[in-house]
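Quick notes on the structure that follows.
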Amino acid sequence: MGNKRWPAIIATPEMRSSYDTVIIGGGGHGLATAHYLAKNHGITDVAVLEGSWIGGGNTARNTTIVRSDYLLNASFGLKNFALKLWGELSQELNFNLMYEPRGYVDLAHSDGELEHFTIRANAMRLGGASVEILTGQALQDCVPELDLNSAARFPVAGALFQPAGGVIRHDAVAWGFARKASQAGIHIFQKTPVTKINITKDKVNSVDTPQGRINCRQVFISVAGASNQVASLAGLDLPIHSINVQAFVTEPVKPALKTVVNYNAGLSYISQTAKGEFVLGGASDGYNSFARRGSFARIEDVLARALQMFPFLSRLRLMRHWSGTADISMDGNAIIGQLPIDGLSINCGWGYAGFKATPAVGHQMAELLANNATPDLIKPFTYDRFANGAEIDDAGAGPYPWHH
Amino acid sequence: MSHVPDCRLPDGGLIDRNITLNFSFDGIAMQCYSGDTLASALLANGQHLVARSLKYHHPRGIVSAGLEEPSALVTVTDQYGSTPNLKVTEVVMRDGLTVTSQNNHPSLKRDYGRFLKLGGGALSAGFYYKTFLWPKHAWHKYFAPIIRNLAGQGRVDPTPDHAHYDKRRKFCDVLVIGSGPAGCAAALTAAQGGATTILIEQDHILGGSLLYSQDSIDGLNATDWAADTSEALHALSNVTVMTRTLAFGQYDHGLIQAIETGQDGDINRAIMWKIRARKIILATGAIERPVVFPGNDKPGIMLANAVCQYIRRFAVSPGTRAVVAVAAEEDRLRAIAAMQDAGIEIAAILSPGDQIISATGRLHVNAFTWKNDKGQRQRTKCDLVVWLDANRAYICPDGRKADISC
Amino acid sequence: MLLITCPHCGPRDESEFSYGGARRIWPDHDANLDQTETAMQDWHQTLYLSSTPSNPSNPSGPLTEIWYHGGGCECWVEIIRNTKDHSISNRQKGHAS
């Protein structure tokens with residue numbers, strides 16, 4: 001049959017002593033950057049260095065949701081661009097990412113909250129997104145499974161509905177980008193952590209790995225939870241905290257929920273995978289951690305909220321739960337762009353919101369690395385915005401990463 | 001119950017033959033006894049075929065006798081509504097359960113989903129990444145809904161669940177998880193030394209492997225020792241014995257989380273326990289590791305200690321003519337002894353080093369083929385394969401590469 | 001779920017506490033009056049980055065941090081917790097809010 005002779009997803013080349021560009025981190029964002037460097041700019045003299053393995057980090061640990069329902073222009077712009085790219089990527093990569101725009105439903109639990117959602121929806125419309133505010137029967141028709149009648153602790157006042165929101169097969173994203181970049185001639189090395197970033201006269205010139213030194217013109221750091229540790233190799237301190245975020249799935253059952261739904265009194269987001277499992281997530285565990293050990297308190301909290309939306313879920317059992325290390329910045333938004341060291345750039349601070357932005361970050365960072373100039377969409381996300389008082393704080397929560 | 005074969009042994013077992021329980025499986029009325037699990041109840045009624053596999057809809061039977069059961073998932077309906085994907089080995093029988101098989105159409109025996117297998121290579125591992133790409137929106141509009149409907153196992157009851165659930169906490173000096181010989185002895189010793197002790201057991205009675213053992217402890221046979229120890233533990237004021245309670249995780253700083261399943265008459269259907277202990281003793285025993293070979297998922301192929309358990313604890317005979325592929329001598333002898341006591345004919349006993357070729361049969365295993373150490377091909381009819389290979393002593397087909405579809 | 005030893009209340013569950021983050025050592029400037037470049041830099045350093053290089057705010061290892069015992073004595077509690085495995089190596093002190 002046609003599927004018997006698929007070669008390995010990525011090539012295993014010999015490491016050269018020099019590359020034009022080194023990307024530290026073979027997660028979704030790093031691999032997307034590699035892909036767009038090759039595709040949009042013809043740059044393939046690139047090494048992607050991954051400390052563990054492709055598809056083993058946060059790309060494999062998220063809840064697969066894509067959406068662009070953000071209030072602030074900067075946050076919205078990048079994610080809405082990503083949503084456009086997601087729609088084309090399966091064909092572009094010749095790898096089925098299983099993008100399913102099943103619709104994203106964000107529930108409001110009071111009139112005031114619904115008012116706020118309306119403002120957000122209007123801001124999104126101005127940016128060109130299709131979005132609706134649903135109440136009453138219209139909401140029930142959109143999510144027939146949703147319990148709007150119970151005496152829930154936080155009854156539902158209405159919802160913001162983004163039809164283009166939905167789910168994507170998460171690990172396919174890592175493998176699809178890696179495969180295409182590898183086919184274009186970009187070298188991807190797994191089990192290759194960077195141990196040192198060498199800088200002379202404020203300019204990057206090489207990185208060290210257990211497999212040897214790699215000379216390069218520029219280095220791009222995209223390592224999520226390990227951002228502080230890798231940036232410190234270049235002597236930089238980041239306004240980033242690493243916090244554990246969990247997700248979990250139930251056993252597989254026949255289709256029982258079409259849309260992706262988010263509960264906002266507290267946080268609990270839920271969708272059903274193509275395999276039939278309900279996948280759920282919520283807020284971060286709330287304190288700095290690199291342990292990837294989840295607190296069961298968070299699981300109970302998320303499930304309690306999910307049950308308010310879908311009481312039938314109490315008939316199911318959790319099958320697996322896991323966690324990942326999310327890098328959350330002091331305003332809850334990403335830091336993308338050049339650093340005060342020549343030839344060094346970074347992408348971090350995505351917290352647990354980075355998956356949906358993967359192709360947009362790759363697209364924009366590739367442009368930055370190719371042209372040595374910051375493209376408009378990522379301009380607001382500077383490293384020095386905290387010193388300048390230019391935070392992009394969608395939640396308005398202040399410099400407390402565990403509240404974002 | 002003349003239309004269902006009776007595979008119950010005439011005597012023995014830790015079941016109460018004075019209390020008959022009624023249940024149904026796919027509409028057929030069946031009976032069992034108090035003390036049965038759903039697995040032993042089905043086997044007693046001769047029902048080996050209980051499920052279909054997730055992807056290719058292969059017929060599936062009961063492989064194990066515990067929480068490691070990989071195949072036999074069913075939907076159970078009781079006064080609270082239906083619950084999908086329950087392992088038959090974990091359901092303690094009570095009167096009036098309606099049990100239905102899952103993931104088949106129109107019926108368990110004649111499932112059209114088995115024709116998926118004809119697609120063969122197109123559905124290899126990860127096939128979906130490589131297919132259904134074109135035309136552009138076809139994945140979301142056409143293919144995904146079809147695949148979603150094929151996927152999933154049981155169907156979730158969409159009505160709200162009106163049962164009560166609770167969360168509670170406990171604290172102790174010593175927490176023992178598992179009530180086999182080691183767990184019982186540990187709990188008794190800790191408690192007699194003055195420690196506040198909790199003993200957790202997922203089963204509804206204490207004893208673990210003692211419940212189907214022929215060994216003796218302190219001059220008593222194993223089941224009597226288990227009963228005596230259980231009584232001794234219950235008599236101590238500093239011991240809390242929690243049966244029907246499954247410890248499912250250890251979290252930070254020694255927090256054990258456990259689920260207690262209620263029984264008929266309890267207010268709560270389940271209770272989530274959070275237990276902090278100064279010391280935790282894991283006495284959970286082992287899970288048997290099978291060897292992989294073509295056809296190894298057919299109904300009638302069962303782990304060695306599961307066979308012992310069904311015969312000795314539940315007084316059920318899981319077959320009439322058996323092939324024994326149990327590598328470890330102790331387990332092999334135990335399984336053979338149990339089967340001989342149950343009157344099961346032993347068709348063949350494989351030696352370590354033999355090469356397993358395959359098990360065949362459509363809805364139930366009916367023959368087993370292997371090569372002996374002289375390279376001679378052997379084949380025998382059977383309706384039970386007893387199976388265990390912790391150390392990979394048997395050789396799989398093609399040396400080591402086995403292409404197993406599920 | 002962490003078990004945090006409060007100096008006043010003893011070992012208590014994480015759910016009784018609110019997180020206060022890394023212990024910050026505030027700069028010795030008057031926040032309202034001192035608008036010099038040095039003062040601004042010091043405040044930025046303390047608020048957003050690590051208080052001092054020897055006291056990183058997001059280490060993969062021991063972190064000196066504060067928790068508010070709202071479900072108990074209502075005091076701030078300072079502990080050293082290893083972010084790699086959540087072990088709490090030593091209890092320091094509690095101080096009144």
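The values are calculated or read from the model by the stated rules, or taken from the named source; none is laboratory data. Fair warning: this is a prediction, and the values are worked out from it, not measured in the lab. Cβ atoms come from the backbone with ideal geometry, glycine included; neighbour counts cover every protein chain shown.
Of note:
- Selected residue [more than 8 Å from chain A (Cβ to nearest Cβ), under 15 Å from the mean Cα position of the chain (by Cα) and more than 30 Å from A:Gly294 (Cβ to Cβ)] from C:Thr46, C:Thr64: C:Thr46
- Test result for A:Ile214, of a type in the set (Val, Ile, Thr) and in contact with a strand residue (DSSP E or B) (Cβ under 9 Å, 6 or more places away or on another chain): yes
- Among the criteria (1) out of contact with any strand residue (DSSP E or B) (no Cβ under 6 Å at 6 or more places or on another chain); (2) away from chain C (no Cβ under 14 Å); (3) in contact (Cβ under 8 Å) with a residue 40 or more places away in the chain; (4) surrounded by fewer than 23 Cβ atoms within 10 Å (Cβ to Cβ), the one A:Gly176 does not fulfil is (4).
- All positions within segment C:48-73 that are out of contact with any helix residue (DSSP H, G or I) (no Cβ under 8 Å at 6 or more places or on another chain), buried (at least 16 other Cβ atoms within 10 Å of the Cβ) and more than 17 Å from C:Lys84 (Cα to Cα): C:Leu49, C:Ser50, C:Ile66, C:Trp67, C:Tyr68, C:Cys73
- Residue match in segment B:273-287 (condition: more than 27 Å from C:Leu3 (Cβ to Cβ), within 14 Å of another protein chain (Cβ to nearest Cβ) and in contact (Cβ under 8 Å) with a residue 60 or more places away in the chain): no
- Only one of A:Ala366, A:Ala373, A:Ala353 that is at pLDDT 95 or above, within 29 Å of A:Leu93 (Cβ to Cβ) and buried (at least 16 other Cβ atoms within 10 Å of the Cβ): A:Ala366
- Only listed residue being under 30 Å from B:Pro145 (Cα atoms), surrounded by fewer than 22 Cβ atoms within 10 Å (Cβ to Cβ) and within 12 Å of another protein chain (Cβ to nearest Cβ), chosen from A:Phe296, A:Phe312: A:Phe312
- For segment B:146-169, a residue qualifies if it is over 19 Å from B:Asp266 (Cα atoms) and more than 8 Å from chain A (Cβ to nearest Cβ), and the qualifying residues are B:Ile146, B:Leu150.
- Subset of segment A:55-95 (residues that are β-branched (Val, Ile, Thr) and either more than 18 Å from B:Tyr129 (Cα to Cα) or not in a helix (DSSP H, G or I) (or both)): A:Thr63, A:Thr64, A:Ile65, A:Val66
- Residues of segment A:267-282 satisfying the condition of being of a type outside the set (Val, Ile, Thr) and either touching a Phe, Trp or Tyr at 6+ places or on another chain (Cβ under 8 Å) or within 12 Å of another protein chain (Cβ to nearest Cβ) (or both): A:Tyr269, A:Ser271, A:Gln272, A:Ala274, A:Lys275, A:Gly276, A:Glu277, A:Phe278, A:Leu280, A:Gly281, A:Gly282
- Within segment A:122-225, strands (runs of 3 or more DSSP E) holding 2 or more residues that are in the same structural domain as A:Val260 (by TED's automatic domain parsing): A:132-134, A:158-162
- Contacts under 7 angstrom Cβ, first residue in segment B:66-86 being under 25 Å from B:Asp297 (Cβ atoms) and modelled with pLDDT of 90 or more, partner of a type in the set (Ser, Thr, Tyr) and surrounded by fewer than 17 Cβ atoms within 10 Å (Cβ to Cβ), 6 or more apart: none
- Some residue of segment A:324-332 being in contact (Cβ under 8 Å) with a residue 12 or more places away in the chain, touching a Lys or Arg at 6+ places or on another chain (Cβ under 9 Å) and assigned to a loop (DSSP other than H, G, I, E, B): yes
- Look at segment C:66-79: where a residue is closer than 15 Å to A:Tyr400 by Cβ and a partner is in a loop (DSSP other than H, G, I, E, B) and at pLDDT 95 or above, sitting 6+ places away or on another chain with Cβ atoms under 6 Å, you get C:Trp67/C:Phe17.
- Residue match in segment A:141-157 (condition: surrounded by 19 or more Cβ atoms within 10 Å (Cβ to Cβ), touching a helix residue (DSSP H, G or I) at 6+ places or on another chain (Cβ under 8 Å) and of a type in the set (Lys, Arg)): no
- Per this entry, A:Phe220 is not counted among residues that are of a type in the set (Phe, Trp, Tyr), away from every other protein chain (no Cβ under 13 Å) and more than 30 Å from A:Asp69 (Cα to Cα).
- Checking C:Arg24 against (1) closer than 22 Å to A:Gly349 by Cβ; (2) over 18 Å from the mean Cα position of the chain (by Cα); (3) part of a loop (DSSP other than H, G, I, E, B), the condition it does not meet: (2)
- Only one of B:Asp228, B:Asp266 that is farther than 20 Å from B:Ala187 by Cα, free of Cβ contacts under 8 Å to residues at least 24 places away in the same chain and outside any strand (DSSP E or B): B:Asp266
- Pick from segment A:102-126, criterion loosely packed, with under 14 Cβ neighbours inside 10 Å and in contact (Cβ under 8 Å) with a residue 40 or more places away in the chain, ranking: nearest to A:Gly136 (Cα to Cα): A:Asp111
- Selected residue (criterion: nearest to B:Arg362 (Cα to Cα)) from residues of segment B:281-298 that are among the β-branched types (Val, Ile, Thr) and either surrounded by fewer than 20 Cβ atoms within 10 Å (Cβ to Cβ) or in the same structural domain as B:Ser209 (by TED's automatic domain parsing) (or both): B:Val292
- Residue within segment A:64-74 that is within 26 Å of A:Thr273 (Cβ to Cβ), small (Gly, Ala, Ser) and either surrounded by fewer than 20 Cβ atoms within 10 Å (Cβ to Cβ) or in the same structural domain as A:Thr259 (by TED's automatic domain parsing) (or both) present: no
- Single condition A:Pro380 does not satisfy, out of (1) away from chain B (no Cβ under 14 Å); (2) surrounded by fewer than 24 Cβ atoms within 10 Å (Cβ to Cβ); (3) part of a helix (DSSP H, G or I): (3)
- B:Ser64 meets the conditions (1) surrounded by 21 or more Cβ atoms within 10 Å (Cβ to Cβ); (2) within 18 Å of B:Thr98 (Cβ to Cβ) in every case but one. The failed one is (2).
- Number of positions in segment A:257-271 that are touching a Lys or Arg at 6+ places or on another chain (Cβ under 8 Å) and either surrounded by 22 or more Cβ atoms within 10 Å (Cβ to Cβ) or within 30 Å of A:Met98 (Cβ to Cβ) (or both): 8
- Taking the criterion of being of a type outside the set (Asp, Glu), surrounded by 14 or more Cβ atoms within 10 Å (Cβ to Cβ) and more than 14 Å from chain A (Cβ to nearest Cβ), the residues of segment C:14-36 that qualify are C:Pro27, C:His29.
- From the options B:Thr98, B:Thr89, B:Thr75, residue that is of a type in the set (Ser, Thr, Tyr) and within 13 Å of another protein chain (Cβ to nearest Cβ): B:Thr75
- Which numbered condition A:Ala265 fails, given (1) aliphatic (A, V, I, L, M); (2) assigned to a helix (DSSP H, G or I); (3) touching a residue at least 40 places away in the same chain (Cβ under 8 Å): (2)
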